[in-house]
Structures are given as C-alpha cells and as structure tokens.
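Beneath this line is the structure, given in structure tokens, with notes to follow.
What follows draws every value from the coordinates through simple rules; no lab data is involved. This is a predicted model, so every value here is computed, not measured. Ideal geometry is used to build each Cβ from the backbone, glycine not excepted, and the neighbour counts take in all protein chains shown.
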Amino acid sequence: MSESESNSIDNNSNDMAVSNNAPHSDTPVSENTPSTSPTNNIFVGKKPVMSYAMSGLIQLGQTGEIVIKGRGMVISRAVDVAQIITERLGKGKYSTKSIAIDTDILGEDDNKRNVSTIEIIIGTS
C-alpha cells in the first residue's frame, strides 16, 4: 500500500470516529446562544389581563418570583396584572417585592423618543 493510500485510510478512519461522536439529529443541540429573556419575566402587551395573570401565577408556583414588565401604554395593564396576582388570585400568598420605573430611549437620531417602563417584582410572602 502506498503512503497516500494509507493517509487517506487514516483520514477516513478519523472522519468515522468524529461522525460517531456527533449528536444525532433527534437530539437537541445546546449551543451557547443567550436566551432572549429569563423564564420568570412576563412582558405585558395587548392580550387580556387574565392571561398574563394566570401565566404569572403558574411561574410563581415554579420559581417563587416573577418580574412583570410593561412599557408605554401598557404600564397600567402591568400594574393590573400585579394586583390581580397579589390580591385576587394569590390571596395573600404573594406580595410585591419591588417596583422600578425607568425611561427607554427608542428610535434613531432624528426619531428619538422617550418611553416609560415599569418592572414589578412579585414573590412569595
């Protein structure tokens, strides 16, 4: 056997070893991609208030603490969600830990505008 044939066999055997260790297509591959948000964040939007409240209640049961976030016109809806969770659905099991308000600057050079934000942290009492 010539030297080039033995090299190609060695390369093929190395390829086989690598491919045997590769994950199967039905196995999820976890890469180091950052998640867009932690699992305990609830971003309030246009859905009905009770859907956010029920989602928050389920997450509170799993994690013990949630962060309700609202921006702009839905700040009042975020406050409603927090009140529904703590007063109506939680019945004293959960309380408001902290409230933070801030301003985000959206847009580019000529279209910059300020948008108010709120973060309400709710946890077990």
Notebook entry, point to check: Taking H as built 1.01 Å from N, whose amide H comes closer than 5 Å to the amide H of Phe43, not counting residues under 5 places away?
Noted result: Lys69
Checklist line | Net charge of Cβ neighbours under 15 Å - reference Lys47; Lys, Arg +1; Asp, Glu -1 | finding: +3
Next item on the list: Read phi for every residue in the stretch 68-76 and hand back ³J(HN,Hα) as whole Hz from Karplus 6.51 cos²θ - 1.76 cosθ + 1.60, θ = phi - 60°, with x for Gly and Pro.
Entry: 9, 10, x, 9, x, 5, 9, 4, 5
Notebook entry, point to check: In nm, to one decimal, how far is the modelled label at Gln83 from the one at Asp104, with both set 7 Å along Cα→Cβ?
Noted result: 2.4
Item checked: Other-chain or far-sequence residues with amide H under 5 Å of Tyr94's (modelled H) -> Ser125
Item checked: Partner lysines for Lys97 [C-alpha distance under 20 Å; skip if fewer than 8 residues away on the same chain] -> Lys69
